[in-house]
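Visitor: Below you will find the structure I want to go over with you.
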Amino acid sequence: MGEKTEKLLSILKLQSVVPVLIVDDAKSAVPLARALVAGGLKAIEITLRTAGALDAIRAVAEEVEGAEVGAGTILNVKQWDAAVEAGSKFIVSPGTTQELLDAARGSHVPLLPGAATASEVMALREEGYTVLKFFPAEQAGGASYLKALSSPLAGTVFCPTGGISLKNAHDYLSLPNVICVGGSWVAPKELVASGDWAGITKLAAEAAALKG
């Protein structure tokens, strides 16, 4: 577990904001990822919420130099195996099941498991996880809730995702138990649809400049 944790940390520490992408058209994945990397966001999460998500992950993994592409919204072992086969460097789940934990245990790819309560965090700590996704961040209590967990659950760090924007990202990044945040605002649907890659690079650069 230690080696995989370090691998995951090396990816998450690349930047303060990890783009969380819903890619409707796999053909847009490569120019989108290149735009994000150009703006300083190398770690990229593509969620398995569309039919073209796996093709998008595979294309980015094979064609975008400098990108560390991961798969998000992984709910079961079938999706896990498909995401790893497509070239995912890390796996993100909104919550956790024993099935996913078993798959992660037997894989070389690190898992960023989701948790929203103290009990879920404690259960994952018993499984050896100290780097977690806090989801859905805003709806589950926001930065103040996560701050309250920092003392009793010291030694656990989080990547909050869900409802985070440029306006409130700093509230999370300033916390001692937050390593980065996940957000979709760096790749608005309208800019992706119009192919405004320069606009996305600008948003990525703004996000990359955020500090805790």
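Visitor: Let me know the charge dipole size of the chain about its Cα centre in debye, to the nearest 20, where only the beta-carbon of Lys, Arg (+1) and Asp, Glu (-1) is charged. Present the calculation step by step, with values, prior to reporting the outcome.
Guide: On the way: 18 positive and 22 negative charges, 89 e Å.
So the dipole magnitude of the chain works out to roughly 420 debye.
Visitor: Only sites in a loop by DSSP and with at most 15 other Cβ atoms within 10 Å count here; which trypsin sites (Lys or Arg not before Pro) in the stretch 1-82 make the cut?
Guide: Details: sites: Lys4, Lys7, Lys13, Lys27, Arg34, Lys42, Arg49, Arg58, Lys78; in loops: Lys13, Lys42, Arg49.
Qualifying residues, ordered by number: Lys13, Arg49.
Visitor: If you don't mind, there's one more thing I want to ask. Give me the distance in nm between label points sitting 7 Å out from Cα along the Cα-to-Cβ direction at Thr5 and Glu206, one decimal.
Guide: It works out to 3.6 nm between the two label points.
Visitor: At a 1.4 Å probe, what is the % contribution of carbon and sulfur to the accessible area of the chain?
Guide: Details: 4980 of 9300 Å².
That fraction is 53 percent.
Visitor: How big is the dipole moment of the stretch 1-76 about its Cα centre under a simple scheme where the beta carbon of each Lys and Arg is +1, that of each Asp and Glu is -1, and everything else is neutral? Debye, nearest 20, please. Write out the running numbers ahead of the final one.
Guide: Details: 8 positive and 10 negative charges, 32 e Å.
Once rounded to the nearest 20, the dipole reads 160 debye.
Visitor: If you line up the Cα atoms of the stretch 66-187 on their principal axes, what length do they span on each, largest first, in Å?
Guide: For the stretch 66-187, the Cα extents along the three principal axes come out at 37, 35, 24 Å.
Visitor: If I take the Cα coordinates of the chain and project them onto the principal axes, what are the three extents in Å, biggest first?
Guide: In descending order, the Cα extents are 46, 37, 27 Å.
Visitor: With the other protein chains left in place, how much accessible area per residue, in square angstrom, belongs to the chain at a 1.4 angstrom probe? Could you put the intermediate results ahead of the total?
Guide: Details: 9300 Å² over 212 residues.
Per-residue accessible area for the chain comes out at 44 Å².
Visitor: Related question: Would you work out the relative contact order for the stretch 1-106, in percent, from Cα pairs under 8 angstrom that are 6 or more residues apart? Could you put the intermediate results ahead of the total?
Guide: Working: 174 pairs, mean separation 24.6, N = 106.
Normalised by residue count, the contact order of the stretch 1-106 is 23 percent.
Visitor: I want to check the label-to-label distance for Glu63 and Lys189. Put each point 7 Å from Cα in the C-beta direction and report it in nm to one decimal.
Guide: It works out to 2.3 nm between the two label points.
Visitor: Would you mind calculating the relative contact order of the chain from Cα pairs under 8 angstrom and at least 6 residues apart, reporting the percent as a whole number?
Guide: 23 percent
The values are calculated or read from the model by the stated rules, or taken from the named source; none is laboratory data. In this text, all values refer to a predicted model and were calculated from it rather than measured experimentally. When we count neighbours, we look across all protein chains shown, and the Cβ atoms used for this are built from the backbone with ideal geometry, even at glycine. These accessible areas exclude ligands, DNA and RNA; they are computed on the full protein's heavy atoms, side chains included. Shrake-Rupley method; radii C 1.70, N 1.55, O 1.52, S 1.80 Å.
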